[in-house]
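The values are calculated or read from the model by the stated rules, or taken from the named source; none is laboratory data. Just so it is clear, the structure is predicted and the values come from calculations on it, not from any experiment. Cβ: placed from backbone, ideal geometry, glycine included. Neighbour counts: every protein chain shown.
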Amino acid sequence: MDLKQYIRSIPDYPKKGILFRDITTLIKEPKAFNFAIDKIIEISKKIKFDKVSAIESRGFVFASTVSYFTKKPLILLRKKNKLPAERHSIDFKLEYGEATIEVHKDSIKKNEKILIIDDLIATGGTAEAAAKLIEISGGNVAGFIFIINLFDLPGEKLLKEKNYFTESLIEFPGH
């Protein structure tokens, strides 16, 4: 199945010059969504991991199903001030701004291997922040799975240079 046909491209969102790749059009089509989940599960079988983590918010959609099918716990990496208990925080730069993600301090035990899932890898800022968050929590990054890799942006290369396993289902140019 060609998942690319289920991705909507929106120019100048969230700001001028950005071509936003929208996965909501994939999620609303059951055959495409199920195919994507099956592919993510297939990739996850190559990786030894203890827990699944999801980057807010679109990563939640995919990681929760992986957690269900693999019977592994799910950890939420959330935007600033969305988690109620003690948390670790990381500030980072986005292609179009700055952000903070957080995780509950009790979500990850020392040396647990954490699989990180998100909808898209672009410049790598969010993914790198997620990895740092896992590591300051005492865990190890088992790898990353994305729906979309924007291949002409440096994100995937950045993660691979840090020796993280990284795989995506489809690729698009970032501009």
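A few notes on this one:
- Test: residue in the stretch 143-152 that is part of a helix (DSSP H, G or I) and surrounded by fewer than 22 Cβ atoms within 10 Å (Cβ to Cβ): no
- Test for residue 16: is it of a type in the set (Lys, Arg), under 15 Å from residue 114 (Cβ atoms) and either surrounded by fewer than 14 Cβ atoms within 10 Å (Cβ to Cβ) or in contact with a His (Cβ under 9 Å, 6 or more places away or on another chain) (or both): no
- Residue within the stretch 5-20 that is at negative phi and of a type in the set (Asp, Glu) present: no
- Selection from the stretch 52-77 of residues that are charged (D, E, K, R) and over 14 Å from the mean Cα position of the chain (by Cα): 71, 72
- The residues of the stretch 141-161 that are within 21 Å of residue 111 (Cα to Cα) and touching a helix residue (DSSP H, G or I) at 6+ places or on another chain (Cβ under 7 Å), listed by number, are 141, 144, 145, 159.
- Among strands (runs of 3 or more DSSP E) entirely within the stretch 63-124, having at least 2 residues that are exposed (fewer than 15 other Cβ atoms within 10 Å of the Cβ) and without any contact (Cβ under 8 Å) to a residue 60 or more places away in the chain singles out 87-94, 97-104.
- Number of residues in the stretch 153-175 that are under 17 Å from residue 99 (Cβ atoms) and surrounded by 21 or more Cβ atoms within 10 Å (Cβ to Cβ): the value is 1.
- Residue count for the stretch 153-170, restricted to those that are touching a strand residue (DSSP E or B) at 6+ places or on another chain (Cβ under 7 Å) and in a helix (DSSP H, G or I): 4
- Filtered residues of the stretch 110-146 (kept if of a type in the set (Val, Ile, Thr) and either within 12 Å of the chain's Cα centre (by Cα) or at pLDDT 95 or above (or both)): 114, 116, 117, 121, 126, 134, 136, 141, 145
- Answer residue from the stretch 18-44, given it is out of contact with any Ser or Thr (no Cβ under 9 Å at 6 or more places or on another chain) and not in a helix (DSSP H, G or I) and is nearest to residue 151 (Cα to Cα) among those: 18
- Test: residue in the stretch 30-50 that is over 24 Å from residue 170 (Cα atoms) and either touching a Lys or Arg at 6+ places or on another chain (Cβ under 9 Å) or of a type in the set (Phe, Trp, Tyr) (or both): yes
Okay, residues lined up against (1) more than 24 Å from residue 4 (Cβ to Cβ); (2) touching a helix residue (DSSP H, G or I) at 6+ places or on another chain (Cβ under 8 Å):
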| residue | (1), (2) |
| --- | --- |
| 30 | no, no |
| 34 | no, no |
| 45 | no, no |
| 48 | yes, no |
| 52 | yes, yes |
| 55 | no, yes |
| 61 | no, yes |
| 64 | no, no |
| 67 | yes, no |
